[in-house]
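Notes to accompany the following structure.
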Amino acid sequence: GRVQPRRTSPPMGHHEAGDTRGARADLDEGYPKSGDKVSVHFVAKLQDGTQVGSSSESGKPFEFVIDERPREVVIGMELAALTMRRTEIAEFKVAPRFAYDDLGSPPVIPPGATMLFEVEMLSWVTQMDLFGEIKSVKTPGAGERKPERGQEVVISMKCTDRKGNVLEEHSHSHLEHIVGDPIFGALSRIVVTTLASMVEGERCSVVLTRDAVPTDRRYMRSTVDLELEHIFDSRDVSILQDRSIIKKVLQQGEGDVVPEGSKVKLRVESATDGVEPLYGFVGPKTLQLIVGDGEVCDALEFAAMEMRVGERAALTCRAASCVEIELGLVALTVPKIVFVVELLSVDGGCARGAAAAQSQADSLAWARRRKDAAAGLYRRQRYALALRSYTKILELAQGVSEDSEQAEEARELCLPCELNRAACFLKLSDFSAAKASCDKVLATNPDHVKALFRRASASLGLSDFSGSMRDLTQVLSMDPRNGEARALAVQVKEAQRSYTKASRETAARMIACQESPSSADAEPSEDAPEGLAVRALQQLAALSACLPVEPCMR
């Protein structure tokens, strides 16, 4: 007799193979895709109702991988699976070209037969070929963001062999892990590659090939189960983007980031060296400050500017940016400090986004006030904070429309801000950025003395001695009594002489090494040392004549 298909839902819909517009059960969201391993029950019939196959014959669900090569099922079955949700039951009428074509499968299926497939979609597992090993997704994650190497995440990991014995496990500790950190030994490569393909909340398993870990046969055909519980939102909030202040979000806040000039309450919960509490720390403590005015240390200032109300964050900072009397942190002897902070409230301020909603006149008035505050920061040697203020003012001024009444005022604001940015960059030893700021000013004001002098200073920092002297010569031609330019010219000439001397000494050492005896049959001679010295001096003289007077700058 015939085996009836299993039905777990209302009567089946009817589809034409290759047409994915048929009715779908409104059950689970999502559909399988190419590469997924699906599990179905099916009954295959000829158009006259003759049953020619059924998964019930084996007593267990039928599994196949969509688009596997060579194919495990007829194309019509794969197309059917792509249109189905979990637990859906449907009937598909499959044309010969999507089934057994003109050849059929004698003696059961005649040539050119149109097939009927009754299919129940039980489940599917999303699979991905990572590096020879196959990753199977057990629980899909949320969103599209995937962790990158160096990013902090919370994971659990378990590795079992073919018999189910646990080889390695981190499944109960909610492990905080930096992607790429080789803490998993022989499995580190597999963990890194797998995490790079996961999204937050995803659980998956990876079945390793026999050669996945050639140095340890215990892992042959083992299974690694991974869960990506959380991806920390970590970013560098330092002004030079030198990773001196890294903010890691522990709890998301609400609203926009803090506008510069706002009054805020910032609670500092703890201060450690990464492990142990810092000696002398006075806290937890709530600080009240105007953001951007330099009332607290740089680490807290820059972090507050990138936070939202209610946000908790961990700040990993170099000790130089963490000296804060209010917290008892004065004589710091550790290289790194970790703060845990929470932004409690915000009042007032004007960020670029907020300024856009105001009139341009009000925005420029705010910019002028912040320019005065930035000048005060520079005088107090808070160069990083001053640089950030000048940068924000410059962004606002450059956003003023050219056909507005405030266009001329905005242009007048841009030049001193760019010049002052160059001064800040010089104090922070970012000579390339300082030179770039001066170039912008000189593009429209080629005889600007301050811009030329600061570019000369930046060029000296970059060892571009000829470029530095060229700018200083131009300054002195316009202002022969400029004492700063004269003093800098002396420094440039001295640096150039030191460079030339060091280059010649390096060349001499290289030549001396090349002149060491290389053949075993060289005749010993009492004059050999002297002869070597003479030849070295001769070659040095020839080479020195070819050396550039100043370094070749690219």
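Using θ = phi - 60° in the Karplus curve 6.51 cos²θ - 1.76 cosθ + 1.60, the 3J(HN,Hα) couplings for the range 457-474 round to 5, 5, 4, 4, x, 8, 6, 8, 5, 5, x, 5, 5, 4, 5, 5, 4, 5 Hz; x is entered for Gly and Pro. Sequence-ordered 3J(HN,Hα) estimates for the range 179-192 from the Karplus curve with 6.51, -1.76 and 1.60 and θ = phi - 60° stand at 4, x, 5, x, 7, 9, x, 5, 8, 4, 4, 5, 5, 4 Hz, glycine and proline given as x.
In this structure, the amide hydrogen of residue 262, modeled 1.01 Å from its nitrogen in the peptide plane, lies closer than 5 angstrom to those of 291, 350, counting only residues at least 5 positions away or on a different chain.
Each part gets one Cα centre, and for the range 256-311 versus the range 460-478 those centres are 42 Å apart.
Annotation for the range 327-342 versus the range 185-231: alpha-carbon center distance of 37 Å.
Sorting 174, 230 by accessible area puts them as 174, 230; the probe is 1.4 Å, largest comes first, and only protein heavy atoms count. With the convex hull drawn around the C-alpha atoms of the range 196-297, the volume per residue stands at 203 Å³.
Extent of the range 252-333 along its three principal axes (Cα atoms, max minus min coordinate, largest first): 36, 25, 20 Å. Put simply, the amide H of residue 86, placed in the peptide plane, has neighbours under 5 Å in 28, leaving out anything fewer than 5 places away on its chain. The label-point distance for residue 380 and residue 320, in a model that sets each label 7 Å from Cα toward Cβ, rounds to 2.0 nm. For the pair the range 422-447 / the range 49-93, the C-alpha centres are spaced 68 Å from each other. Given a Förster radius of 35 Å and the C-beta distance between residue 444 and residue 493 as r, what FRET efficiency does 1/(1 + (r/R0)^6) yield to the nearest 0.05? My answer for the efficiency is 0.70.
The value for the range 133-224 of Rg(Cα) / (2.2 N^0.38 Å) is 1.04.
For the range 142-185, which GluC sites (Glu not before Pro) are both in a DSSP coil and crowded by at most 14 other Cβ atoms within 10 Å? Answer in residue order: 144, 148. Rounded to the nearest Hz, the phi-derived 3J(HN,Hα) couplings of the range 136-151 under the Karplus curve 6.51 cos²θ - 1.76 cosθ + 1.60 (θ = phi - 60°) are 10, 7, 8, 10, x, x, 10, x, 10, 6, 10, x, 10, 4, x, 8, where x marks glycine and proline.
What dipole magnitude, in Debye to the nearest 20, does the range 209-347 give about its Cα centre under +1 on Lys/Arg Cβ and -1 on Asp/Glu Cβ? Roughly 580 debye for the range 209-347.
Along the charge dipole of the range 216-372, which of 239, 305, 327 sits closest to the positive end, that is, farthest toward it, with unit charges on the beta carbon of Lys, Arg, Asp and Glu (+1, +1, -1, -1)? Farthest towards the positive pole: 239.
First measure r as the distance between the Cβ atoms of residue 478 and residue 509, then evaluate 1/(1 + (r/R0)^6) with R0 = 35 Å and state the FRET efficiency to the nearest 0.05. For R0 = 35 Å, the calculated efficiency reads 0.20. Modelled this way, with points 7 Å down the Cα-to-C-beta line, the labels at residue 166 and residue 330 are 5.0 nm from one another. A full extension of the chain between residue 286 and residue 221 corresponds to an added length of 17.9 nm, given 0.36 nm per residue minus the alpha carbon distance. Let me spell out the model: positive unit charges on the Cβ of Lys and Arg, negative unit charges on the Cβ of Asp and Glu, origin at the Cα centre of the range 353-461. What dipole size does that give, in debye rounded to 20? Value, rounded to 20: 820 debye. Put a plus charge on the Cβ of each Lys and Arg, a minus charge on the Cβ of each Asp and Glu, and nothing anywhere else: the dipole of the range 27-125 about its Cα centre is then about 80 debye.
The overall shape of the range 380-467 is oblate: from the C-alpha gyration tensor, with semi-axes ordered a ≥ b ≥ c, the ratio a/c is 1.5 or greater and a/b is no larger than b/c.
The values are calculated or read from the model by the stated rules, or taken from the named source; none is laboratory data. Just so we're clear, the structure is a prediction, and the values are computed from it rather than from any experiment. Neighbour counts are summed over all protein chains in view; Cβ atoms, including those assigned to glycine, are modelled from backbone coordinates with ideal geometry. The protein model used for the area step is the full one, side chains on, heavy atoms only, and it has no ligands, DNA or RNA in it. Shrake-Rupley method; radii C 1.70, N 1.55, O 1.52, S 1.80 Å.
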